[in-house]
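Below: one structure, written as structure tokens.
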Amino acid sequence: ARSPAPLRPVYTAKGQEAATVFRMWSTADNPRLSCKPTSIIFDWTFDWPVNRITQTTVDGKKVIDIDYGLFSATRRIHLGMDRHPANLVPSNAGHSIGRWDGDTLVVDTVGFAEGVLVPPTRNSPHLHVVERFTLDPQTFALKREYTAEDPVYLAAPYTGQDTVLLSETPFEKQPCSELTFDSTQRGN
């Protein structure tokens, strides 16, 4: 089931400049073209991969792992934490903490590396994402609502939602095979 498109980003001056010069088909600008994840916002539904969500206990603490089928990316949501650690190492997936609000999992994520939120929108290490995951127990549809804030590139919160359905296709990691184009090899 396709979800409504997110709102168009409202950029700061720096965000508009970065979006204007972004080269969609450049491996230097678009991580997807180099077999790298883009962001936790974009990769959740891009090309509609089968993702896997598991809840386990690690070192006596509950965690939820989200395995993205696309590019075999993984992120961990730490349950029961009140705040993020002070000295985070920036990463593409950031650091996520989750709490239950009734039947909705609210996930707060910070600690991102400089990157691409949604092409051509860039993100800074100041990116802050809040997601709300709600499962419909009748249809097993998982709705995600998200808000991304980044004072460097976004003049207003970037919001959207999507819905994924339980898949009959089993989860499997989908590694990427980088394709190259050799302009010296032309067909006859």
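Structure values in brief
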item: Calculated log₁₀ intensity ratio I(q)/I(0) where the Debye formula runs over C-alpha points of the chain, q = 0.10, 0.19 Å⁻¹; result: -0.44, -1.48
item: Rounded percent of accessible protein surface that carbon and sulfur make up, the range 18-75, 1.4 Å probe; result: 55
item: Helical contribution to [θ] at 222 nm, DSSP H n ≥ 4, -39,500 (n - 2.57), averaged over the chain, rounded to 500; result: -1500 deg cm²/dmol
item: Simple Cβ-charge dipole of the range 59-188, Lys/Arg +1 and Asp/Glu -1, about Cα centre, in debye nearest 20; result: 180
item: Spin-label model distance (nm) - Ala19 vs His126, 7 Å beyond Cα toward Cβ; result: 1.7
item: Accessible surface, per residue, of the chain when the full set of protein chains is kept, probe 1.4 Å, Å²; result: 61
item: Relative contact order [Cα under 8 Å, 6+ residues apart], the chain, whole percent; result: 25
item: Assigned charges on the beta-carbon of Lys, Arg, Asp, Glu; the range 91-136 dipole about Cα centre (debye); result: 200
item: Debye, to nearest 20: dipole size of the range 48-90, +1 on Lys, Arg Cβ, -1 on Asp, Glu Cβ; result: 40
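The values are calculated or read from the model by the stated rules, or taken from the named source; none is laboratory data. Source: prediction; values computed, not measured. Here Cβ is always computed from backbone atoms with ideal geometry, including for glycine, and neighbour counts include all displayed protein chains. Heavy atoms of the whole protein, side chains included, go into the accessibility calculation; ligands, DNA and RNA do not. Shrake-Rupley method; radii C 1.70, N 1.55, O 1.52, S 1.80 Å.
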